[in-house]
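I have placed the structure first, in the form of structure tokens, so that the comments after it can refer back to it.
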Amino acid sequence: MKILASSTLITVLSLSVFAAEFITIGSGSVTGTYYPTGGAVCRLVNKYKKETKIRCSVESTGGSEYNINTIKHGELDFGIAQSDVVYNMSKGLKKYKNKPIKKLRSVMAIYPELFTIVTRKEAGIKNIMDIKGKKINIGNPGSGQASTAEILFTYLGINKSDLDFVGVFKAGESPDALRDKLVDGYFYIVGHPTANIKDASSSVKIAITPLIGPKIDEMIKDNPYFAKANVPAGLYKGIDKEVPTFAVKAVLVTSTDVSDKAVYTLVKAILENFDEFKKLHPAYTNITKKSLLDGLSTPLHEGAKKYYKEAGLL
Ligand code: GLU
């Protein structure tokens, strides 16, 4: 009797272990905004892990393009990626020509990310065209900034060979590279404020180059995922005036391979704890439940749709 009872217990226990689903979110470098965002999402998902049997973890990665490629291969369940990269990779456009990733799905468009050119103030890069002849970290292959820089350069008529040095460092390495004068500036498409730029501004005098003018206007007009935005004043040492530039959105994406249950559970955990979520990072200051559906550039996953419908948001 005792033996029977304990073997039943073991069966029940092992069944519940097997029923658990582990989900991983690909993010970016740890001092960026994707990584703490992945952490914030997982924190809320894991609040319910006993009931839902879904356990969430976040991974530091090389950024947008890397995350989408890794989701495609089934090695990540979710990832955070720039809306422009999501659009072009899912449709097979621009540098991803003819290689559409049809199974890519949106979960939510979380917050705006701004194209930010962080420079050493003494380098005197007042205008984007001043980067010619300078040492610039464009970003590691797989990062969103390296991808978007190609679009920007096409509009501005800048070639990589116009630069004195084209850096391919990871975002997390950029502040030290700036301080050590390996570069005069670096590109970062990121939600503000971010630890990365705080670090840079505390070790060297920085400036942020505005991205304005007729060619930028044309680029924004031609591409549905770009919008004007300003880096707010007062977030970083030495940046006392807002800096005009353009933005995309940081979108949480997944694929049709991921279960409706996992996606539904994740969306529900965030939406039902939305005030708590908003407090987890200052980049979320202006977001609303509705804004989560603005700037999606690939169809919603069915599991997400189900929750948004129930919540009356769709
Ligand atoms: N937008 C960057 C990228 O796609 C990452 C920004 C971040 O880590 O916050 O690579």
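Every number in this text was worked out from the coordinates using simple rules, so none of it is lab data. Nothing here was measured: the structure is a model prediction, and the numbers come from that model. Positions of Cβ are generated from backbone atoms using ideal geometry, with glycine treated the same way; all protein chains shown enter the neighbour counts.
General observations
- Over 18 Å (Cα to Cα) - which of Lys289/Lys309; Lys121/Lys241; Lys132/Lys198 fall in this group: Lys132/Lys198
- In summary, the lysines within cross-link reach of Lys102, defined as a Cα separation below 18 angstrom excluding same-chain residues under 8 places away, comprise Lys72, Lys91, Lys94, Lys305.
- Sequence-separation-based contact order of the chain, relative, with Cα cut under 8 Å and 6+ spacing, percent: 24
- The angle separating the long axis of helix 2-18 from the principal Cα axis of greatest extent in the chain is about 30 degrees.
- Electrostatic dipole magnitude of the chain [Cβ: Lys, Arg +1; Asp, Glu -1; Cα centre; debye, to 20]: 400
- Cα-projected label distance for Ala19 with Lys53, points at 7 Å along beta-carbon direction, nm: 0.4
- Both numbers refer to the Cα atoms of the chain; Rg and Dmax are 21.1, 82 Å.
- Approximate spin-label separation Asp162-Glu310, in nm, with each point projected 7 Å along Cα-to-Cβ: 5.2
- Look at Val86, Val30, Val168 and count the other Cβ atoms within 10 Å of each Cβ; fewest to most, that gives Val168, Val30, Val86.
- Cα centroid separation, the range 226-276 to the range 283-313 (Å): 11
- Order of Met129, Met89 - criterion: other Cβ atoms within 10 Å of each residue's Cβ, fewest first: Met129, Met89
- Here the range 160-314 is assigned +1 on the Cβ of each Lys and Arg and -1 on the Cβ of each Asp and Glu. Its dipole about the Cα centre then comes out at about 360 debye.
- Fewest neighbouring Cβ atoms within 10 Å first, the residues Phe169, Phe246 line up as Phe169, Phe246.
- Cut-off under 5 Å, modelled amide H: who pairs with Leu163 long-range: Gly133
- Whole-number percent relative contact order across the range 45-146, with pairs defined as alpha carbons under 8 Å at least 6 apart: 25
- Vicinal HN-Hα couplings computed from phi for the range 275-292 (Karplus, 6.51 cos²θ - 1.76 cosθ + 1.60; Hz; Gly/Pro x): 5, 5, 4, 4, 7, 7, 7, x, 5, 9, 3, 9, 7, 10, 4, 5, 5, 5
- Centroid-to-centroid separation of the range 97-161 and the range 177-220 [C-alpha atoms, Å]: 11
- Amide H within-cut-off set for Tyr111, under 5 Å, with H built and near neighbours excluded: Ala250
- Amide H contacts for Thr24 (H built 1.01 Å from N in the peptide plane; partners 5 or more residues away or on another chain; cut-off under 5 Å): Ser57, Asp77, Phe78.
- As a length-normalised measure over Cα pairs under 8 Å and 6 or more apart, the relative contact order of the range 148-222 settles at 37 percent.
- In this simple spin-label model, placing a label point 7 Å from the Cα along the Cα-to-Cβ direction at both Lys121 and Lys237 gives a separation of 1.1 nm.
- Enclosed volume per residue, in Å³, of the convex hull spanned by Cα atoms of the range 128-269: 142
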